Amino acid sequence: MKFKYYVLSAVFSSCLLMGFEGFANQNAFNPDISLILNGKYQYDNKILANDGGNFYNSSFLIDESELTISSSIDDKFNGALTLAVMDGEIGVEEAFINSSLYGVNVKVGRSLWDIGYLNSKHPHSDNFATRPIAYEFFMGESFNGDGGQFSYVLPVKKYVEVGVGVYNIDYNSDYNNISYSTYLRFGEDIGKNQDYRIGLYLLANRTDTKNIIDMEMEDSSNNLFIMDYKYNINFMNDSKLTFIGEYYHNNLAGVNDDIENYSADSGYYASLVYQFNRRWAVGGTYSQIFSKNEDYEKYQIQESLLMVSYNNSEFSTIRLQYGFAHNNDSLDNYNNHTVILHYVVSIGAHSAHSY
Amino acid sequence: MIKSFKYVLALLLIMNFAISYSKAEEKKINIFTCEPEWAILLQEIVKDKANIDSAIYGNQNPHFIQAKPSLIAKVKNSNMLVCTGAELEIGWLPMLIEKSAYKKSVVYVSNYVKMLDIPSKDEIDRKNGDVHPFGNPHIHLHPENIKAIASALLEKLKEVDSLNYDFYKKNHDEFIKKWDEKILKLKDKYKVLNGVNIVFHHKDFDYLTDWLKINKVAYLEEKAGVSPSAVYLRSIVDKIKNEKTKLIIRAPYSDKDASLFISNKTGIKNIVVPYSMDYDGKNTIFDLYDNILNAIEEGLK
């Protein structure tokens, strides 16, 4: 494992060197390379209400470093690879090719798919140091299964985009696990300095266990419905106010079973960020989850995040964030305070100002 | 499963409706420009034979636009895209083109002018701020550039809308004639600006200063695209005083704090000068040059 890691890192560093050397030689055919570095100081204080436990944790750590190489392949295709590098591990976060045919965008491989607002973004471009608890609860770290997505912007005056996709997140030869997604997005300007986008998404997951005799597994069907909304007011001097919110509703049902096994969870987050100028921004997020525990008892988790961030340029950010989370689950009742001071910088190709 | 089929069906219906709706629209070509200056210039050539729209309103910073939904829709519907290029729109244009799967004509007008300030290989380093490897992209404030670009646009229009070419050619030739007269008039009227010492916030008026031989004493941004630091601003106060600076100029989208700081320390007047104009069918490229030069002239009084 260690050996593999060294070989891989040698390969990547030589790729990087070749890339930069190529740039100096004005070799226009080199791919765009960008590298994200980030690290943080984190302080956690978790108080368990049930037994009065009080845990502190204070640590310095680097988060995943991210390397992206992307380029057009020929007249038809583009390709990109994003690797997340952590101690002794290299994860393939994205590896896809894309093209467009009759105005329809097609992307195949592994990618941070367009399902809700945050999922298609890399965490380093977020306004906060951590993702809201509702996102993590419903989407996990991210939804980047292997598969493909079609998207199409309709040739009408207003922005209307539709998309469908099929993916496989949990590959296993014993049973079939397939996810389908579909979405509809609409967006427009309001006057000269305001704009918004609203989206509806459905991510359906089906597990079919016909091929196995394992009694622990059963067929299941899961429908995650998401609605997202983003709104901007732009002021002069690169100052702006941004609202981003997502609502999640998840229906989980064992197909073979009766109503007892049925459960529905929901949650949302709402965040507001005010950017004073190109350097300073402040923001807050409120997030809530409504779910049931193993004993089928209802519980709620609430989380608040407050942050202030400083951008020295488009390529570097330092951020201070305070978070408070409360879980009223009778089995896992806690209060958690978190303070994070972190940096995120990007080297190489200019990143996109995606919406 | 049935549920999701219903959803897909609904989407197909919407698409079907939308496509038939768009077919019913008029046959005029749609030209979409990144910056409004290209829209108001194109207006001189195409008049009412094409629909023009611009991504940016007059006084927005062209570096910091987001690939917002309305822009994706506008690119999708256009037959010709006119942008500055030279990496001015690097943060947002590639994304608009990709999202809308745009494959038609794209004109990067900076290809047709002589670029100022092309950095040497050693200078292409983010240490030096937001360096533009292909040169300063704020090219619309040199009247010769306007002429070269008008002609380049005419050539592109020949490919995109050949039916109206004769009309465009006639308008173009008339415009060039009027523009040549305008250049002479402006050059004569503003020859007082020759050699005048002025401080600028960013490099956005460099083509204008190059044309009228205005002397740039300093930039308030030590490094292009990086907000000025107090330490740097203090270090240039003496230089600005000693060189008998007449004026401190910034574009409407630039942060006012640096100008006010220097103005306070030196007593030199600071003003906002228009950088571009809204594309509204009324503003013209002639108005743009008049407004900018009037503002500077007023500032010097």
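The values are calculated or read from the model by the stated rules, or taken from the named source; none is laboratory data. Small disclaimer: the values here were computed from a predicted structure and weren't measured. Positions of Cβ are generated from backbone atoms using ideal geometry, with glycine treated the same way; all protein chains shown enter the neighbour counts. Remember, those area values only see protein heavy atoms, side chains included, never the ligands or the DNA or RNA. Shrake-Rupley method; radii C 1.70, N 1.55, O 1.52, S 1.80 Å.
Step by step: first the residues of region B:6-43, then only those that are part of a helix (DSSP H, G or I) and modelled with pLDDT of 80 or more, then the one that is nearest to B:V160 (Cα to Cα). Which residue is that?
Among them, the one singled out is B:L42.
Going by what's in this entry, would A:E141 be described as away from every other protein chain (no Cβ under 14 Å) and either at pLDDT 95 or above or part of a strand (DSSP E or B) (or both)?
In short, no.
Are any residues in region B:175-201 outside any helix (DSSP H, G or I) and open to solvent by 20 Å² or more (accessible area, probe 1.4 Å), and if so, which ones?
Once the filter is applied, which keeps residues that are outside any helix (DSSP H, G or I) and open to solvent by 20 Å² or more (accessible area, probe 1.4 Å), region B:175-201 yields B:N194, B:G195, B:V196, B:N197.
Take region B:44-93 and flag every residue that is more than 8 Å from every other protein chain (Cβ to nearest Cβ), without any contact (Cβ under 8 Å) to a residue 60 or more places away in the chain and not in a loop (DSSP other than H, G, I, E, B).
B:N51, B:L71, B:K74, B:V75, B:L81, B:C83, B:L93
Tell me whether region B:215-225 contains one or more residues that are within 14 Å of chain A (Cβ to nearest Cβ), within 28 Å of B:K114 (Cβ to Cβ), of a type outside the set (K, R) and more than 21 Å from the chain's Cα centre (by Cα).
Yes - at least one qualifying residue is present in region B:215-225.
Residues of region A:112-138 being of a type in the set (G, A, S), away from chain B (no Cβ under 14 Å) and in a helix (DSSP H, G or I), which ones?
Once the filter is applied, which keeps residues that are of a type in the set (G, A, S), away from chain B (no Cβ under 14 Å) and in a helix (DSSP H, G or I), region A:112-138 yields only A:A134.
Can you name the residue in region A:16-65 that is modelled with pLDDT of 75 or more and farther than 30 Å from A:H337 by Cα and, of all such residues, is nearest to the other protein chains (Cβ to nearest Cβ)?
Step by step, filter region A:16-65, then rank; the result is A:D32.
Name every residue in region A:72-102 that is among the hydroxyl-bearing types (S, T, Y) and open to solvent by less than 40 Å² (accessible area, probe 1.4 Å), in order of residue number.
A:T82, A:S99, A:S100
Going by the conditions given, is B:G225 farther than 30 Å from B:R126 by Cβ and either outside any helix (DSSP H, G or I) or assigned by TED's automatic domain parsing to the domain that holds B:D287 (or both)? Even if it seems obvious, please write down each step before you answer.
Working: farther than 30 Å from B:R126 by Cβ: no; either outside any helix (DSSP H, G or I) or assigned by TED's automatic domain parsing to the domain that holds B:D287 (or both): yes.
So B:G225 fails the test.
Which residues, taken from region A:144-162, are within 17 Å of the chain's Cα centre (by Cα), in a strand (DSSP E or B) and either within 8 Å of chain B (Cβ to nearest Cβ) or under 18 Å from A:D228 (Cβ atoms) (or both)?
Hit for region A:144-162 is A:Q149, nothing else.
Of the conditions (1) under 24 Å from B:L42 (Cα atoms); (2) of a type outside the set (S, T, Y); (3) at pLDDT 95 or above; (4) surrounded by 15 or more Cβ atoms within 10 Å (Cβ to Cβ), B:I214 satisfies every one except a single condition; which number is it?
(1)
Filter region A:69-106 down to residues that are out of contact with any Gly (no Cβ under 6 Å at 6 or more places or on another chain), within 14 Å of chain B (Cβ to nearest Cβ) and part of a strand (DSSP E or B), then give me how many there are.
Total meeting the criteria: 13.
Among (1) over 20 Å from the mean Cα position of the chain (by Cα); (2) at the interface with chain B (Cβ under 10 Å from one of its Cβ atoms), where does A:Y183 come up short?
(1)
Any idea how many residues of region A:77-94 are out of contact with any Asp or Glu (no Cβ under 9 Å at 6 or more places or on another chain) and small (G, A, S)?
Final tally of qualifying residues: 2.
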